[in-house]
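Have a look at the structure below before the remarks.
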Amino acid sequence: YYNEYKSYLSMRGLTTEQRYLFDLRGYVILRKALSSADVKEARDAIQANLHRFNERKDDLRNSKLEAFQGDKIRGRMDCGTMLRWDKPHCNVFRKFLALPSVVPILNDLCGRGFRLDHLPLTIIQHRNSEGFDLHGGNVDENGNWQQDLSYDCRYGRISCNLVNISIQLDSTRSGDGGFVIIPGSHKANFALPPDLAKCQTHLDDYLVNPALEQGDIMIFSEATTHGALPWKGVSDYRRTVFYRFCPPNFGYGRGYVDNFGDIMTELSEPQRAVLQPPFTNRLDRVEINNDMTITVNKRSEAKKEFDRKTFEREYF
């Protein structure tokens, strides 16, 4: 009965409490969203594919400010090819494309028909290696609105142009370093002051280094200023997987242009749905319902036929 009730809750989207906290802080945390088996499968797959990771060196380093530089030697390790790793290593990362616990929340935050924007990314941050200067935010360093990342809430409906689904494969305690975020900055109207960006004093006044367990998922608006401090935790490194999603007719990254043709036939319907390119829902967009079934928002055949005559193609 408990599992059935938990499944029912997961289909509701944001709870009243989660919606309030997301609007207030710019993020929510789904505790124990992944099974221990999924965590182990992802960690084992990463271990088997360490040779595919690339270290950020020299001008590619993410840390320009002292507080984020760590030992000033090791850079972050990145890999974004997990969907195409050899089987069985790719399987769990394809599963993460459309998790039943996350899909209803993305329907709330990005709208039905939401899509994967950036290609998925796995990072490995070794002990005392560099972090990542604070970035993102509702406004840039010059105080200009960052529409590409923007957060809005009107008439009781949240709208996010870019949402990060951050999957935790290692436990982190507050104070360990790693991921940090400035709660509420998704609604900031002023640029982050340089002295605060340096993160050298009074961090507790504005910066949160959340405690996260293996299998937790942190969901945050990219308009919420965030970064990563050098890792100082018990383990030798921390591993995190990022999936970033946006509304159906919006595109930030360009990774979708290859159409994922070489793997599409191996994916489930919900997984294929999130890999659609950007276009509006009414043009035959495949949408994932909260119960993980599929709906096609069909355009009438008469209109498509008219478009074929007018534009010599099926869609305008």
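General remarks:
- One equal scatterer on each Cα of region 125-167, no solvent, Debye formula: the resulting log10 I(q)/I(0) at q = 0.30 Å⁻¹ is -1.08.
- Carbon and sulfur %, accessible surface of region 259-316 computed with the full protein complex present, 1.4 Å: 51
- In percent, rounded to a whole number, the relative contact order of the chain is 25, using alpha-carbon pairs under 8 Å and six or more apart.
- Calculated translational diffusion coefficient of region 52-96 (25 °C, 0.890 mPa s; Stokes-Einstein with Kirkwood radius over alpha-carbon pairs) equals 198 µm²/s.
- Near P193: Cβ cut-off under 13 Å, other residues only, Lys/Arg at +1 and Asp/Glu at -1. The net charge is -2.
- The chain - charge dipole about Cα centre, Lys and Arg +1 at Cβ, Asp and Glu -1, debye rounded to 20: 500
- Within a Gaussian network of the chain (alpha carbon springs, distance under 10 Å), most fluctuating of F179, F190, F114: F190
- For region 170-302, the dipole from Cβ point charges (+1 on Lys and Arg, -1 on Asp and Glu) about the Cα centre works out to 360 debye, to the nearest 20.
- Extension gain, T201 back to E312 (0.36 nm per residue minus Cα-Cα distance, nm): 33.7 nm
- Taking the C-alpha atoms of region 20-73, convex hull volume expressed per residue in Å³: 164
- Sorted largest first, extent of region 223-316 alpha carbons per principal axis (Å): 64, 27, 26
- 1.4 Å probe accessible area per residue over region 49-111, in Å²: 47
- The residues of region 157-316 have, on average, 48 Å² of accessible surface per residue, using a 1.4 Å probe with all protein chains present.
- Count of lysine pairs in region 3-128 with Cα separation under 18 Å (8 or more residues apart, or interchain): 8
- When region 16-114 is reduced to its Cα atoms, the Kirkwood hydrodynamic radius in Å: 16.6
- Expressed as a whole percent, the proportion of Cα-Cα pairs in region 88-166 lying more than 16 Å apart is 65%.
- Region 62-214 - percent relative contact order, Cα under 8 Å, separation 6 or more: 26
- Shape call, region 197-250: gyration tensor on alpha carbons, a/c limit 1.5: oblate
- Order by protection proxy (mean Cβ within 10 Å, highest first), peptides 215-227, 255-267: 215-227, 255-267
- Fraction of accessible area attributable to carbon and sulfur, region 1-146 (%, probe 1.4 Å): 51
- The alpha-carbon atoms of the chain define a convex hull whose volume equals 163 cubic angstrom per residue.
- The amide H of R115, built 1.01 Å from its N in the peptide plane, has C246 as neighbours under 5 Å, considering only residues 5 or more places off or on other chains.
The values are calculated or read from the model by the stated rules, or taken from the named source; none is laboratory data. All values derive from a computational prediction rather than experimental measurement. Backbone-built Cβ (ideal geometry, glycine too); neighbour counts: all protein chains shown. These accessible areas exclude ligands, DNA and RNA; they are computed on the full protein's heavy atoms, side chains included. Shrake-Rupley method; radii C 1.70, N 1.55, O 1.52, S 1.80 Å.
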